[in-house]
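Have a look at the structure below, then the notes.
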Amino acid sequence: MITRVQAILPMVLVIISTACGPSPPEQSPPLQSGFSVSKRQVIESDGAYNSTPAVAQAENGDWVLSYRKGPGHVDSPLVILRRSQDHGQTWSPEVVYFDTSQPDPTLALTPDGTLLIEFVKLDPNGVAGSAYSLSQDNGLTWSAFTFFDDPVSKTSAFPTIFLTVAGTMYAASYGPHGDGTDDSTLWESEDSGTNWIKRSLIRQTADAGINETAIAQVGATRFLAVSRDDLSTHTWAHISDNSGATWGNQIDYTSQVGVLQLPQLIQAGKALLLFGRQFDPTTFPNQFVVFASLDGGMTFMDRTVLDTYTGEAIDGGYCWPLLMGDGQVFVVYYADSNNLRQPDIKSLVLQVGK
């Protein structure tokens, strides 16, 4: 078991935020039909490149937040963990737990109450691949890392929310197809994240290359996968009617939602929410958006801009939603606010109409 002290001794022990608490919550008027936003705050703004946050609720009720920090988008080697005991209103100081210059930390609560963290690491030969660690004490200490794949380079990342159905965990990865494009693969674990196996290939023969893929259960045995296009010119979807064992050919969702990067799916009451970075190199400002579906992800509507950001397209718009109950979703994301290419970690609470 890697203790907290062992994890951080070679690095800075604690990086204290320039503002010890978050900025005062702001209230926003209702947006479009069914959505309203409140409790906007800046969690971290210190002149560093803060990016790609994820959040999960630990078994003891604490919220655990992860994100990367460094001088630039491709040079953010520190993996930060923070905690909140008041549902995201205030956060503990930054603590450096891990060191990686690879994409991107993600978090999940497993069915038995274990916390899982995943990000890309280098193996002893210097080869990058996705790996995971488990915590039995609500994220205070973490086990040694295990690579998902062998060879490790076959699986690049698990960038989106993990799904649990009837005690089985599902997660979507992406990795190289071998021709310069990417495949997306569905994995499953029946032992609370201790062991993982490949369940199916989401990308089908003759499909376009896809990478970042969100998954959701939209029926008794129906799964929906929404994917970022390798070329960032489309948004693709796949449907499985046997709980992810097999998938149909890809469906073009671009006319409904535009071009999305890092899609995230979460069910909030009767609404299936689709978040993402709206990518269009001819559009300014950059936008972080959400859509809603009331028919199991067949159609999406109510496009709502949750925030805009400056800098380049990569300097914001990736998010991680956490269901709070009663139609409320806590959303943490990153966004450059001052055209300096120094993104902040931000959050808001999205209320879905009843």
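Bear in mind these aren't lab numbers, they're just calculated from the coordinates by the rules spelled out. Predicted, not measured: the structure shown is a model, and the values here were computed from it. Every residue, glycine as well, gets a Cβ built from its backbone with ideal geometry; the counts of neighbours run over all protein chains shown.
What is the pair-distance distribution P(r) of the chain, computed from all Cα-Cα distances in 20 Å bins starting at 0, with each bin given as a whole percent?
32, 63, 6
At 0.36 nm per residue, and after removing the present C-alpha to C-alpha distance, how many nm does the segment from Met324 to Arg341 gain when stretched out fully?
So the chain would gain 3.0 nm between Met324 and Arg341.
Excluding Trp63 itself, what net charge comes from residues whose Cβ is under 10 Å from its Cβ, given Lys and Arg +1 and Asp and Glu -1?
That sum, taken over residues with Cβ under 10 Å, equals 0.
Which lysines have a Cα lying under 29 Å from the Cα of Lys69, excluding residues fewer than 8 positions away in the same chain?
Straight-distance partners of Lys69: Lys39, Lys121, Lys154, Lys346.
Expressed as a rounded percentage, what relative contact order does segment 4-352 have, with Cα pairs under 8 Å and six or more residues apart? If you can, show how the numbers build up before the last one.
Numbers: 994 pairs, mean separation 50.9, N = 349.
Here the relative contact order equals 15 percent.
For Lys198, list the aspartates and glutamates whose Cα falls under 13 Å from its own Cα; do not include residues on the same chain fewer than 8 positions away.
Asp149, Asp150, Asp183, Glu188, Glu190
How large is the Kirkwood hydrodynamic radius of segment 209-354, counting all unique pairs of alpha carbons, in Å? Walk me through the intermediate numbers first.
On the way: mean 1/r = 0.0644 Å⁻¹.
Mean inverse Cα-Cα distance, inverted, gives 15.5 Å.
Using only the C-alpha atoms of segment 192-274, find the volume of their convex hull and express it per residue in Å³. Mind showing how you got there, number by number?
Values: hull volume 9.4 nm³, N = 83.
Once divided by residue count, the hull of segment 192-274 is 113 Å³.
Work through the residues other than Ala48 whose Cβ is under 13 Å from its Cβ and net out their charges, Lys, Arg +1 and Asp, Glu -1. Don't skip to the end; give the middle numbers.
Values: positive: Arg68, Lys69, Arg341; negative: Glu44, Asp46, Asp75, Glu94, Asp315, Asp336, Asp344.
Net charge around Ala48: -4.
Please report the spacing between the Cα centers of segment 51-87 and segment 108-181 in Å, no decimals.
16 Å
In debye, nearest 20, what is the charge dipole magnitude of the chain about its Cα centre with +1 on Lys and Arg Cβ and -1 on Asp and Glu Cβ, if you could check? Display every interim value, and only then the final one.
Working: 20 positive and 37 negative charges, 109 e Å.
My answer is approximately 520 debye.
How big is the gap, in Å, between the Cα center of segment 310-354 and the Cα center of segment 209-235?
20 Å
If you place +1 on the Cβ of every Lys and Arg, -1 on the Cβ of every Asp and Glu, and leave all else neutral, what size is the dipole of segment 167-244 about its Cα centre, to the nearest 20 Debye?
160 debye
Once amide H atoms are built 1.01 Å from N in the peptide plane, which residues 5 or more positions from Tyr253, or in another chain, come under 5 Å H to H?
Thr235, Trp236, Ala237
For segment 226-354, what's the relative contact order in percent, using C-alpha pairs closer than 8 Å and at least 6 residues apart?
Reported relative contact order: 16 percent.
When a footprinting reagent is the concern and you count Cβ atoms within 10 Å, what order do Met169, Met301 take, fewest first?
Starting with the residue having the fewest Cβ neighbours, the order is Met301, Met169.
Run the numbers for Thr246 and Thr168: contour at 0.36 nm per residue of separation, minus the present Cα-Cα distance, in nm.
Numbers: separation 78, 0.36 × 78 = 28.08 nm, distance 1.67 nm.
Gain on extension, Thr246 to Thr168, equals 26.4 nm.
So, in nm, how far is label Asn125 from label Thr233 when the simple model puts each one 7 Å beyond its Cα toward the Cβ?
Calculated label separation equals 3.5 nm.
Return the percentage of antiparallel bridges among DSSP beta bridges fully within segment 4-352, rounded to the nearest 5 %.
Here the antiparallel bridges make up roughly 100 percent for segment 4-352.
Could you give me the ³J(HN,Hα) list for segment 74-84, computed from phi with Karplus coefficients 6.51, -1.76, 1.60 and θ = phi - 60°, whole Hz, x at Gly and Pro?
My calculation for segment 74-84 gives 9, 9, 10, x, 9, 9, 9, 10, 9, 10, 10 Hz in order.
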